[in-house]
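Report on one structure; see the data block that follows.
Derivation of every value follows stated rules applied to the coordinates shown; laboratory data play no part. Keep in mind that this is a model prediction, so the values were computed, not measured. In this analysis, Cβ positions are derived from the backbone assuming ideal geometry, glycine residues included, and neighbour counts consider all displayed protein chains.
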Amino acid sequence: MKIGIIGLGNVGSGIAFSILHNENIKFDRLILNDIVDKVYGIRLDLCHAFPEIGNKIIVGGYDELNNCDVVIITAGIAMITGSEQFDRMDLLKENSEIFKKIFEKFKPKKDAILIIVSNPSDVMAYIAWKLSGLNSSQVIGFGNQVDTARFRFILGEKLGIDAGKIEAYVIGEHGNGMIPVFSQTNVGKDLEQSMKDEITSQLVNAAAEIIRLAGYTQYGPGQNVSKLVEAIVNDKKEILCVSTLLNGQYGVENLYMGTPCVIGRNGVEKIIELNLDENERKQFSSLVEKMRKFQKL
C-alpha cells in the first residue's frame with residue numbers, strides 16, 4: 001500500500017500527520033510531493049514525530065506518485081485571512097490551471113483512488129476525473145465530509161447532545177451552497193426555523209471563521225481525510241458524505257455533487273440518495289443550476 005500527498009501546505013501536512021497517527025492505516029510508503037523545499041522540512045518533522053516508521057516517509061516525484069494506491073491532492077491556492085468575501089469558487093481559475101500542470105506528469109495507475117481536497121473541491125474533483133482517465137468512482141471530492149463533521153459538532157453543541165451519536169449529513173457542494181439535511185437528522189426533536197437558520201449560518205461560515213482566527217484550517221480536514229483513507233485501504237464499506245459523479249440520483253446526471261456514499265477499496269462503491277423534503281429539494285435543484293456553470297473543461 002502506497003499513499004501519496006500532492007501539496008504539503010497547512011492542510012496537506014495536517015493530512016499527513018493524521019494518516020501517520022491513525023494506527024488503522026497500514027502502508028509501505030507515504031510519499032510527500034510539493035514544488036517548494038519546505039516539504040523536506042515537513043518530512044523531517046513527521047519522521048521525528050513517528051521515528052518508528054520514519055523510513056516509510058519519503059519526498060517523491062511523479063514516478064513514485066504514479067504507482068500509489070491512494071493519492072490525496074491538496075495543491076493549489078487557498079482562501080486567506082482578510083478575503084473580503086469567502087467564496088471557494090474564486091479559486092477555480094488558478095487551481096484548475098495548477099491541476100492541468102499536475103496531470104501533465106501525474107498519470108495514476110488504473111486502480112488508484114484520488115481524493116481531491118483542493119478548492120472548490122466538487123469542481124476540482126470533476127476536473128481531476130476528466131484529466132486522470134480514471135472511472136468517476138475512483139475520484140472523490142472530499143469537502144462535504146468535513147462539512148458533515150462540522151454540522152454534527154454544531155448540532156451537538158447547540159442542543160447539548162453527544163455529537164458522536166448524531167446522524168446528520170451535509171450535501172450539495174463544499175461551498176456557500178452547502179445543504180444541511182435537517183429532515184434526515186436524528187436529534188430527537190423538531191427544530192424551529194430560526195434555530196435551523198442559525199445553525200446553517202454557523203456551518204457555512206465555519207471555515208471562514210477558523211481562517212479569520214487562526215489563519216488556516218488544518219486539523220478538521222486532516223482527521224476527516226484520514227478517516228476516508230482508512231475506509232479505502234481497509235475496504236470498510238463505510239458511509240461517508242463525499243462528492244461524486246451523480247448518475248440519476250436526485251434527478252441529476254454527469255455532475256459532481258456531495259451525498260452520502262459507501263466507501264471501500266474501489267472508492268465510491270454505492271451512492272446513497274437521501275429523501276429530501278420540499279425545501280431541500282428546491283435548494284438542491286437551484287444548486288445544480290449553479291454547479292453546471294462550473295463543471296466543464
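Couple of notes before you dig in:
- In plain terms, the bigger the Kirkwood radius, the slower the diffusion; for the chain, with that radius from Cα pairs, at 10 °C and 1.306 mPa s, Stokes-Einstein puts D at 82 µm²/s.
- For a straight C-alpha distance cut-off of 13 angstrom, the aspartates and glutamates reachable from Lys110 (same-chain residues fewer than eight places away being disregarded) are Asp69.
- In degrees, nearest ten, helix 143-159 long axis to first principal axis of the chain (Cα): 50 degrees
- Placing unit charges on the Cβ atoms only, positive for Lys and Arg and negative for Asp and Glu, gives segment 144-292 a dipole magnitude near 300 debye about its Cα centre.
- Base-10 log of normalised Debye intensity for segment 2-143 (one unit scatterer per alpha-carbon) at q = 0.08, 0.10, 0.16, 0.19 Å⁻¹: -0.20, -0.32, -0.82, -1.12
- Dividing the summed -39500 (n - 2.57) terms of all DSSP H runs of n ≥ 4 by the residue count of the chain sets its mean residue ellipticity at 222 nm at -13000 deg cm²/dmol.
- Spatially proximal lysines relative to Lys290 (Cα-Cα < 27 Å; intrachain offsets below 8 disregarded): Lys93, Lys100, Lys101, Lys130, Lys196, Lys270, Lys282
- Dipole moment magnitude, nearest 20 debye, segment 2-143 about Cα centre, only Lys, Arg, Asp, Glu C-beta charged: 420 debye
- Counting only alpha carbon atoms, the long axis of helix 219-233 and the longest principal axis of the chain meet at about 70°.
- Proximal charge balance of Leu159 [Cβ under 13 Å; K/R count +1, D/E count -1]: 0
- Span from the segment 221-297 Cα centroid across to the segment 112-131 one, whole angstrom: 12 Å
- Between 0 and 90°, nearest 10: helix 193-204 axis offset from the chain longest Cα axis: 20 degrees
- A Cβ-based charge dipole, computed about the Cα centre of the chain with Lys and Arg at +1 and Asp and Glu at -1, lands at about 700 debye.
- Using C-alpha pairs under 8 Å with a sequence gap of at least 6, the mean separation divided by the residue count of the chain gives a relative contact order of 19 percent.
- Cβ crowding within 10 Å averaged over residues, with 272-280, 151-159, 4-12 ranked highest first: 4-12, 151-159, 272-280
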